[in-house]
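The values are calculated or read from the model by the stated rules, or taken from the named source; none is laboratory data. Treat the numbers as computed from the prediction; the structure is a model and nothing was measured. Quick reminder, even Gly has a Cβ in these numbers, built from the backbone with ideal geometry, and neighbours come from all protein chains shown.
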Amino acid sequence: MNAAIADLHRCGHVAIVGRPSVGKSTLVNRLVGQKLSITSSKPQTTRYRILGILTEAGRQFVFVDTPGFQTLHRSRLNERMNRTVVDSLSGVDVAVLVIDGGRLTQADRDVVALLPSGMPVVVAVNKIDALADKKALLPVIAEIAALREFAAIVPISAEKGTQVEALKEEIGKFLPEAPAMYGADELTDRDERFLAAEFVREKIFRLLGDEVPYATAVGIDRFEHDGPLRRIFASVYVGKPSQRAMLLGAGGERMKSIGAKARRDLEVLFGGPVYLEIWVRVKKGWVDDEAALRRLGL
Ligand SMILES: Nc1nc2c(ncn2[C@@H]2O[C@H](COP(=O)(O)OP(=O)(O)OP(=O)(O)O)[C@@H](O)[C@H]2O)c(=O)[nH]1
Ligand SMILES: [Mg+2]
């Protein structure tokens, strides 16, 4: 064996982009092998760029999960999220465009138009497990292939893990020769406070109807370590008292369930016990309040 080739180490940034709800965050979690990025059936679950790091022998993938790019609803929050997508594309070595194998929409074409022309792009045609007839994929693949040059088009199921290894190999071809950027035990660039706030937000996206999750932001007021125990005090901000009432539910039952589910996930992620206390606070108009968005890291 040629020693020089054997020693060659690859490392690069991989942006995961696509319209809302196509399964970008589910894919990042699957690729990394750990739940880091929150997911739900509601569009625009991801608001913040988050890295998922996968270290293997001889190579390191730095996946960049991004918010779903969308042009339908205008607010300061949405403008910031779209800017995050565009910014995430600069400086990456390869992009993965995630589409839903069920259908291609104008929103998918809008995302393709954002991709810099020289950038290698691998398409992940996701959710193939949900297709009764796999032949339905063919016209979707033909349509996407006509939009620009792609390095590869791989049908996958991020949820079931189908063909995710094959997708990873296609992506791996574009990792440049470089030393590892992160330690072998690092999974993400985000700290435990961020992950705690996000896991609370995920449960709100999963347990509430269509309006409240979009009117909600989560901040961590205090995060204490006490031996193996993590004590976390979080605030959930909503725009109106009626939204607060919906979050709490009758007798506070809904918020209790949100807290219990978030705590269980955090205990798995952190590998230790978690005490989680959540306060719901009304903060009028925060989605259009620049200063509030900045304080929340948006
Ligand atoms: N059937 C099926 N559902 C999937 C698959 N991948 C993701 N989903 C579901 O699709 C929904 C959206 O998944 P997310 O990973 O949150 O999608 P996203 O693209 O990150 O969405 P945003 O962050 O809102 O842009 C969730 O309900 C997932 O469970 C898949 O391979 N098959
Ligand atoms: Mg997401």
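Worth a mention:
- Looking across the stretch 33-76 at every residue that is outside any loop (DSSP other than H, G, I, E, B) and within 13 Å of ligand 1 (Cβ to nearest atom), the one that is surrounded by the fewest Cβ atoms within 10 Å (Cβ to Cβ) is identified as ILE50.
- LEU175 being in contact (Cβ under 8 Å) with a residue 40 or more places away in the chain and of a type in the set (A, V, I, L, M): yes
- In the stretch 171-211, residue surrounded by the fewest Cβ atoms within 10 Å (Cβ to Cβ) [restricted to those that are aromatic (Phe, Trp, Tyr) and not in a loop (DSSP other than H, G, I, E, B)]: PHE194
- Qualifying residue in the stretch 264-277 (condition: hydrophobic (A, V, I, L, M, F, W, C), free of Cβ contacts under 8 Å to residues at least 40 places away in the same chain and touching a Leu at 6+ places or on another chain (Cβ under 7 Å)): no
- Residue under evaluation TYR214, criteria (1) at pLDDT 95 or above; (2) in a helix (DSSP H, G or I), criterion not met: (1)
- Selection from the stretch 27-71 of residues that are in contact with a His (Cβ under 9 Å, 6 or more places away or on another chain), at pLDDT 95 or above and either hydrophobic (A, V, I, L, M, F, W, C) or near ligand 2 (Cβ under 9 Å from one of its atoms) (or both): LEU51, PHE61, VAL62, PHE63, VAL64
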